[in-house]
Amino acid sequence: MNTAFSWIRPEPWGVHVVPADVWIDPGRAVDRALITHGHADHARGGHGATIATPETLAIMELRYNTRKGATPVQYGETIRLPGGVDATFVPAGHVLGSAQILLEHAGERVVITGDYKRRADPTCALFEVTPCDIFITEATFGLPVFSHPPIEDEMAKLLTALHAHPDGCVLVGAYALGKAQRVIAELRAAGHSQPIFLHGAMEKMCRLYQDHGVDLGELRLVSDHDNETMRGQIVIAPPSALNDRWSRRLPSPVTAMASGWMRVRGRARQRGVELPLVISDHADWNELTQTIEDVNPQEVWVTHGREEALLRWCELGQRRARALALVGREDEDE
Ligand SMILES: [Zn+2]
Ligand SMILES: [Zn+2]
């Protein structure tokens, strides 16, 4: 009889750490939650106690107004939970404050990645490989067809379009948490020093990033300026604003969108995107498989949709793998 790892139990709405009675990224309110990062498919309000990095707690406070029962844990710090379970938060490289959670109990190690990527991102700490027995990985882009281009190439496309339309603006759709700030920081890294204009829905999260030391340069609100000021400039807005009334006031915008899904032509067409930018905060196929090799776990548990190809890949490599049917994991962040 094998009782190994019976202390960690995947349920449809979260992963339950039984001896500690804590949940990882639970989809409903619980007494005690450990949260990997601030996206809505992982973080929600209403928990009795919330344990997360200080940045994730700040994001949750901004989005859900939750402050009650917040316990900050720094990267690399280990906290002792009830029932003899140790939890350590390790950088996941996904968005500001994002963490993998390493759980240790009775000599066994489980890592829950939350969402992650391996590439350098000026807005958050780089993913760290953490050896473990069970590796619970996302698979948002878990098909070999997904291979994200270098971000420098996508920035070059964006700046080329900007310079080709000096009388208009380039309107970039990007999610308000993570993608928007990364696009801005990468534009700065590419030498774009002009002010960047924001839709009002972006303002608070950008300020939160700046308060945590991420340099985004000069940001201005679209609503504070007239049309003329935005000619030859970059405007960032949530994807939902790309084709709505709000965008009609902009001076002849070229519509762009920053998302890993822009690899799929139909998705760009659906949204009326003229300039698709393939920019993702998730691991692509090569990053997913490389990471499993680097971490080298006995067993892989896969979440977030497209699991089949990754399960097959594990099988071919003589690695045990299973899909977790977690509900409500969506691409809010992509
Ligand atoms: Zn996420
Ligand atoms: Zn997610």
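The values are calculated or read from the model by the stated rules, or taken from the named source; none is laboratory data. Since we're looking at a predicted model, the values are computed, not measured. Every residue, glycine among them, receives a Cβ derived from its backbone with ideal geometry; neighbour counts consider all protein chains shown. Accessible surface is based on the protein model in full, side chains and every heavy atom, while ligands, DNA and RNA are left aside. Shrake-Rupley method; radii C 1.70, N 1.55, O 1.52, S 1.80 Å.
Quick check on my filter: what residues within the range 117-144 are in contact with an Asp or Glu (Cβ under 7 Å, 6 or more places away or on another chain), part of a loop (DSSP other than H, G, I, E, B) and either open to solvent by less than 10 Å² (accessible area, probe 1.4 Å) or charged (D, E, K, R) (or both)?
Lys117, Arg118, Asp133, Ala139, Thr140, Phe141, Gly142
Which of the residues belonging to the range 1-49 are open to solvent by 30 Å² or more (accessible area, probe 1.4 Å), under 21 Å from Val300 (Cα atoms) and charged (D, E, K, R)?
Arg9, Glu11
If you check Arg265, Arg271, Arg322, Arg245, which single one turns out to be charged (D, E, K, R), out of contact with any strand residue (DSSP E or B) (no Cβ under 9 Å at 6 or more places or on another chain) and away from ligand 1 (no atom under 16 Å from the Cβ)?
Arg245
Given the structure, is Val95 under 22 Å from Val295 (Cα atoms), part of a loop (DSSP other than H, G, I, E, B) and either modelled with pLDDT of 95 or more or among the β-branched types (Val, Ile, Thr) (or both)? I'd like the intermediate steps shown before the answer.
Values: under 22 Å from Val295 (Cα atoms): yes; part of a loop (DSSP other than H, G, I, E, B): yes; either modelled with pLDDT of 95 or more or among the β-branched types (Val, Ile, Thr) (or both): yes.
When the stated conditions are applied, Val95 passes them.
Scanning for something free of Cβ contacts under 8 Å to residues at least 12 places away in the same chain, over 22 Å from Ala323 (Cβ atoms), of a type outside the set (A, V, I, L, M) and touching a helix residue (DSSP H, G or I) at 6+ places or on another chain (Cβ under 7 Å), does the range 43-59 turn up at least one residue?
So far as the range 43-59 goes, no, none of its residues is free of Cβ contacts under 8 Å to residues at least 12 places away in the same chain, over 22 Å from Ala323 (Cβ atoms), of a type outside the set (A, V, I, L, M) and touching a helix residue (DSSP H, G or I) at 6+ places or on another chain (Cβ under 7 Å).
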